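Enquirer: Next up is a structure, given as structure tokens.
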Amino acid sequence: MANLAELIHERTVEGELYEKLEGNRVRCFACGHCCPIPDGALGVCKVRFNRGGKLMVPFGYVGGTQCDPVEKKPFFHARPGALAFSFGMLGCDLHCSYCQNWVTSQALRDPQAISPPLRTTPQQLVEMALSLGGEIVVSTYNEPLITSEWSVAVFKEAKTAGLMTGFVSNGNGTPQVLEFIKPWVDLYKVDLKSFDDRHYRQLGGRLQPILDTIRRLYDMGFWLEIVTLLIPGFNDSNEELKRLTAFLAAISGDIPWHVTAFHRDYKMTDPANTTADDLMRAAEIGRQAGLRFIYAGNLPGQVGDLENTYCPDCHEILVERYGYHIRGYHLTSDGCCPSCFREVPGRWAEAYRPQITSRPFIPRFQILS
Ligand code: SF4
């Protein structure tokens, strides 16, 4: 019986994000590692590999699908209340010890992370999304950059069906991959995990490619939201948070920043869980840096007004939330504050559609073959 790596390596096509080098080697551009890969070898992510001088990349399967409220991704300025049909493949280019999606992201590195690939097609996924009332299709759970060719194939179908699309990513991108996905990806969430290069090296990456990607995403016109999982003792010092939020505010004070609570998971079980006070301290640092839309996540009902969206000019409440539940929606049909008519940055719907779900669920029927 084939093992997991063999199964995944069967479900591949020749990739588009690479160049040929001398001696049958290739260089992959799908993520900031830009791996030079000899014939017969794997990239750092273990899902892209060189076969006879061609870069082979994952295609035609998912590690899982789920229906999430879009607030879970989290996107707070994109169709509040919409159902985000989410799919993931397997593998990641980082190896964060606190990963909350480790069953899929570390499937190739960790024998405990068992998540078999299920064959499917872009058409099947989009049909599922439509039948469930999804408005957005999201590539998530593993790192979508390293499986960009597959995401684009799914998103082409999704766009034909009138759906919005999104990436939930660690942001370890390259100019080439962003150009490749731009026509097909509307929303982009980056996990900015730290503002210290030493921390990123512990997770298997570098800070600079992530900062460059954030700047590029904004300049290229993706709808961008940033999340920082606040881990006590790892990335929560005032000094680090000041530098992180100043960096974001210098790009634009309109970028939503979600600061979310850590809970012990996977291999990182030493730090204490994040408290509501920790989140509120971080949010205040972000406010002083000039960020206008700051949200505190994972502790519903405990973080004051930090779950809601307010008009930055007149402070009118625009979207009321409790966790992933939308309690009130007050934007005008053209995405403005109803009180002072200030334009509010985001990708708003003309009319609010009541939520299909405020809790994630696995679709009851699977049309995967
Ligand atoms: S996706 Fe990243 S880690 Fe994987 S082969 Fe390409 S450059 Fe290397």
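The values are calculated or read from the model by the stated rules, or taken from the named source; none is laboratory data. Every value quoted in this text rests on a predicted model; they were computed, and no experiment measured them. Cβ atoms come from the backbone with ideal geometry, glycine included; neighbour counts cover every protein chain shown. The accessibility values were calculated without ligands, DNA or RNA, using every heavy atom of the protein model including side chains. Shrake-Rupley method; radii C 1.70, N 1.55, O 1.52, S 1.80 Å.
Enquirer: Based on Cβ point charges of +1 for Lys and Arg and -1 for Asp and Glu, what charge dipole magnitude is obtained for the range 219-369 about its Cα centre, in debye rounded to the nearest 20?
Expert: 480 debye
Enquirer: Among the lysines, which fall within straight-line cross-link reach of LYS54, defined as a Cα-Cα distance under 16 Å, with same-chain neighbours fewer than 8 residues apart omitted?
Expert: Filter leaves LYS20, LYS46.
Enquirer: For every helix of n ≥ 4 consecutive DSSP H residues, a contribution of -39,500 (n - 2.57) applies; sum these over the chain, divide by its total residues, and give [θ] at 222 nm rounded to the nearest 500 deg cm²/dmol.
Expert: It comes out at -7000 deg cm²/dmol, rounded to the nearest 500.
Enquirer: So how tilted is helix 122-131 from the main axis of the chain? Cα-based, degrees 0 to 90, rounded to 10.
Expert: 30 degrees
Enquirer: Right, something else. Using modelled amide H (1.01 Å from N, peptide plane; none on Pro or chain starts), what sits under 5 Å from the amide H of TYR329, excluding residues fewer than 5 places away?
Expert: Amide H neighbours of TYR329, under 5 Å, 5+ apart: GLU320.
Enquirer: Taking every alpha carbon pair in the range 296-347, what does the distance histogram look like in 5 angstrom bins from 0, in percent?
Expert: Whole-percent P(r) values from 0 Å outward: 5, 22, 28, 21, 16, 7, 1.
Enquirer: Sticking with this structure for a sec: Each residue of the range 47-54 in order: what ³J(HN,Hα) in whole Hz does its phi give by Karplus 6.51 cos²θ - 1.76 cosθ + 1.60, θ = phi - 60°, with x for Gly and Pro?
Expert: Here the 3J(HN,Hα) series is 10, 10, 8, 9, 10, x, x, 10 Hz.
Enquirer: Also, quick follow-up: If you fit an axis through the alpha-carbon atoms of helix 148-160 and take the longest principal axis of the Cα set of the chain, what angle between them do you get, 0 to 90°, nearest 10?
Expert: 60 degrees
Enquirer: Also, quick follow-up: Can you grab the distance from the C-alpha centre of the range 202-278 to the C-alpha centre of the range 300-320, Å, no decimals?
Expert: So the separation of the two Cα centres works out to 20 Å.
Enquirer: Which aspartates and glutamates, if any, have their Cα less than 19 Å from the Cα of LYS189, not counting same-chain residues under 8 positions apart?
Expert: Output for LYS189: ASP68, GLU71, ASP93, GLU135, GLU143, GLU149, GLU179, ASP212, ASP219, GLU225, ASP254, GLU307.
Enquirer: List the chymotrypsin sites (Phe, Trp or Tyr not before Pro) within the range 178-207 that fall in a DSSP loop (any state other than H, G, I, E or B) and whose Cβ has at most 11 other Cβ atoms within 10 Å.
Expert: Passing sites in the range 178-207 do not exist.
Enquirer: Something else about it: What ³J(HN,Hα) values, in whole Hz, does the Karplus curve 6.51 cos²θ - 1.76 cosθ + 1.60 give for the range 178-192 when θ = phi - 60°, with x put for Gly and Pro?
Expert: Working through the residues one at a time gives 5, 4, 5, 8, 3, x, 10, 10, 8, 10, 9, 9, 10, 7, 8 Hz.
Enquirer: Once ligands and nucleic acids are excluded and a 1.4 Å probe is used, how much of THR12 is accessible, expressed in Å² to the nearest 10?
Expert: Only protein atoms counted, so the area is about 20 Å².
Enquirer: Which distance in Å, rounded to a whole number, links the C-alpha centroids of the range 110-175 and the range 32-77?
Expert: Answer, in whole Å: 11.
Enquirer: Convert each backbone phi in the range 327-332 into a coupling constant with the Karplus relation 6.51 cos²θ - 1.76 cosθ + 1.60 (shift: θ = phi - 60°), then list the ³J(HN,Hα) values in order as whole Hz, x for Gly and Pro.
Expert: 9, x, 9, 10, 5, 6
Enquirer: Taking H as built 1.01 Å from N, whose amide H comes closer than 5 Å to the amide H of VAL26, not counting residues under 5 places away?
Expert: Amide H neighbours of VAL26, under 5 Å, 5+ apart: LEU21, ILE37.
Enquirer: Would you kindly calculate the translational diffusion coefficient of the chain, applying Stokes-Einstein with the Kirkwood radius from alpha carbon pairs, for 37 °C and a viscosity of 0.692 mPa s, and quote it in µm² s⁻¹ without decimals? Working shown, then result.
Expert: On the way: Rh = 21.0 Å.
Roughly 157 µm²/s, to the nearest whole number.
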